[in-house]
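Participant: Encoded as structure tokens, here's the structure I'll be asking about.
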Amino acid sequence: MSENIAVLGLGLMGTALAETLLAAGHRVTVWNRSAAKADALVAKGATRAATAAEAVAAAPLAIVCVLDYAAVHEVLEGADLAGRTVLNLTNGRPAEAREAGDRVSGRGGDYLDGGIMAVPQMIGHPGALILYSGSRAAFDRHEATLKPLAESRHLGEDPGLAPLYDLAMLTGMYGQIAGFLEAAALIASEGRPVREFTETLLVPWMHAMAALKPRWAEDIEQGHYATEVSNLEVNRVGMLNLSTAFEEQGVKLDLLLPMKEILERRVARGHGAEGLSSLIEELR
Ligand code: FVH
């Protein structure tokens with residue numbers, strides 16, 4: 001069914017969202033601070049709003065996707081939010097989402113926060129995921145409308161949950177990128193082909209290691225760190241070999257050195273027989 005939706009913020013992501021909603025047959029009203037960014041969307045059938053307040057007034061659902069939460073507050077400043085759902089897909093922190101949720105509900109609106117786990121080119125295609133949190137009633141009302149954008153997962157009524165999970169997902173991603181870059185630097189230090197190493201060896205290895213994580217997550221939930229595989233003492237020695245080898249190869253281990261230090265600290269505190277998942281105790 002065709003719905004009215006407002007999209008505020010037409011950067012790379014906002015444009016991809018608006019385009020996908022238009023292509024799905026929805027009536028889309030668009031607004032951007034620099035008006036020219038709306039031109040291509042208007043040519044494809046979107047309606048241009050002269051102000052952000054006018055865009056919000058045009059539809060029961062207003063999607064905001066701008067640089068940061070300060071910009072979100074600026075954009076929504078003069079709008080009448082009573083009876084509207086604001087879906088904020090701007091990247092931010094849990095505390096910012098909770099504050100935004102309070103502000104929107106204080107003005108009579110429903111608030112949904114969202115974390116986009118995709119680049120703009122992925123929106124509307126398999127593999128794109130949007131994490132939602134905030135008003136469950138609003139999510140249920142708009143879920144079908146939002147479906148063309150990405151797979152969706154509502155995490156709970158607390159608006160802070162989507163950014164929390166979004167940042168946790170990004171944390172996992174950055175950790176993986178750090179490991180990849182260090183490994184590639186080591187291989188390259190001998191002039192060996194990085195691409196072939198990555199495709200045939202590293203990626204399958206990383207998949208195999210990723211498969212262990214649910215088991216580690218269970219250990220963390222239970223605070224149970226016994227291991228049948230290599231314990232922290234074995235890993236301490238392994239990390240020492242690794243850092244010495246990096247030095248000998250003339251490569252910096254800077255992205256992983258904090259992990260080596262934490263490992264050594266945990267062993268020094270008498271936890272050498274535990275598994276790697278126990279390092280979380282040094283982080284919290
Ligand atoms: N692009 C991506 O891959 C990531 C994927 C995951 C989610 N992010 C988040 O999405 C938000 C927007 O990102 P974007 O890629 O669309 O960013 P830009 O293309 O740089 O567009 C920024 C828009 O924000 C508007 N804007 C900035 N400041 C203000 C302000 N004070 N008042 C009103 N609008 C503002 C800007 O307007 P203009 O400069 O064109 O006038 C753009 O519309 C972001 O949170 C990512 O982390 C994207």
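Participant: Answer yes or no: is there a residue in the range 95-103 that is free of Cβ contacts under 8 Å to residues at least 12 places away in the same chain, part of a loop (DSSP other than H, G, I, E, B) and surrounded by fewer than 16 Cβ atoms within 10 Å (Cβ to Cβ).
Facilitator: No, there is no match, as no residue in the range 95-103 is free of Cβ contacts under 8 Å to residues at least 12 places away in the same chain, part of a loop (DSSP other than H, G, I, E, B) and surrounded by fewer than 16 Cβ atoms within 10 Å (Cβ to Cβ).
Participant: Pick out, from the range 1-89, the helices (runs of 4 or more DSSP H) lying fully within it that include 3 or more residues that are farther than 23 Å from ASP110 by Cα.
Facilitator: On the way: elements: 12-23, 39-43, 52-57, 69-76.
By residue number, 12-23, 39-43.
Participant: Do we find that ALA118 is closer than 21 Å to GLY11 by Cα, surrounded by fewer than 24 Cβ atoms within 10 Å (Cβ to Cβ) and without any contact (Cβ under 8 Å) to a residue 12 or more places away in the chain in this structure?
Facilitator: No, not satisfied.
Participant: Please name all residue pairs, on different chains or six or more residues apart, with Cβ atoms under 9 Å, provided the first residue is in the range 52-76 and is touching a residue at least 60 places away in the same chain (Cβ under 8 Å) and the second residue is near the ligand (Cβ under 9 Å from one of its atoms) and in a loop (DSSP other than H, G, I, E, B).
Facilitator: Here the result reads ALA71/GLY9; ALA71/ARG33; ALA71/THR90; VAL75/GLY9; VAL75/ARG33; VAL75/VAL66, each pair linking the range 52-76 to a residue that is near the ligand (Cβ under 9 Å from one of its atoms) and in a loop (DSSP other than H, G, I, E, B).
Participant: Then there's this: Does GLY109 qualify as being in contact with a strand residue (DSSP E or B) (Cβ under 9 Å, 6 or more places away or on another chain) and touching a residue at least 24 places away in the same chain (Cβ under 8 Å)?
Facilitator: On the way: in contact with a strand residue (DSSP E or B) (Cβ under 9 Å, 6 or more places away or on another chain): yes; touching a residue at least 24 places away in the same chain (Cβ under 8 Å): yes.
In short, yes.
Participant: Related question: Quick check on this structure: which one of THR90, THR47, THR20 is crowded, with 17+ Cβ neighbours inside 10 Å, more than 15 Å from the ligand (Cβ to nearest atom), modelled with pLDDT of 95 or more and β-branched (Val, Ile, Thr)?
Facilitator: Details: THR90 fails: more than 15 Å from the ligand (Cβ to nearest atom); THR20 fails: more than 15 Å from the ligand (Cβ to nearest atom).
Within the list THR90, THR47, THR20, the selection yields THR47.
Participant: Is it the case that some residue within the range 226-237 is exposed (fewer than 11 other Cβ atoms within 10 Å of the Cβ), at pLDDT 95 or above and either more than 23 Å from the chain's Cα centre (by Cα) or outside any helix (DSSP H, G or I) (or both)?
Facilitator: No, the range 226-237 has no match at all.
Participant: Still on this structure, I have one more. So which of GLU190, GLU218, GLU247, GLU196 is outside any helix (DSSP H, G or I) and either exposed (fewer than 11 other Cβ atoms within 10 Å of the Cβ) or without any contact (Cβ under 8 Å) to a residue 24 or more places away in the chain (or both)? Before the answer, list the steps.
Facilitator: Numbers: GLU218 fails: outside any helix (DSSP H, G or I); GLU247 fails: outside any helix (DSSP H, G or I); GLU196 fails: outside any helix (DSSP H, G or I).
Being outside any helix (DSSP H, G or I) and either exposed (fewer than 11 other Cβ atoms within 10 Å of the Cβ) or without any contact (Cβ under 8 Å) to a residue 24 or more places away in the chain (or both) holds for just one of GLU190, GLU218, GLU247, GLU196, which is GLU190.
Participant: Given the conditions (1) within 24 Å of THR171 (Cα to Cα); (2) of a type in the set (Val, Ile, Thr); (3) over 13 Å from the mean Cα position of the chain (by Cα), which single one is not true for THR145?
Facilitator: Looking at each condition in turn, THR145 falls short on (1).
Participant: Among the listed residues ASP110, ASP158, identify the single one that is farther than 25 Å from ILE280 by Cβ and more than 16 Å from the ligand (Cβ to nearest atom). Show your work before the answer.
Facilitator: Working: ASP158 fails: farther than 25 Å from ILE280 by Cβ.
Unique residue meeting the criteria: ASP110.
The values are calculated or read from the model by the stated rules, or taken from the named source; none is laboratory data. In this text the structure is predicted, and so the values were computed from the model without any measurement. Glycine gets a Cβ as well: all are built from the backbone with ideal geometry, and neighbour counts include every protein chain shown.
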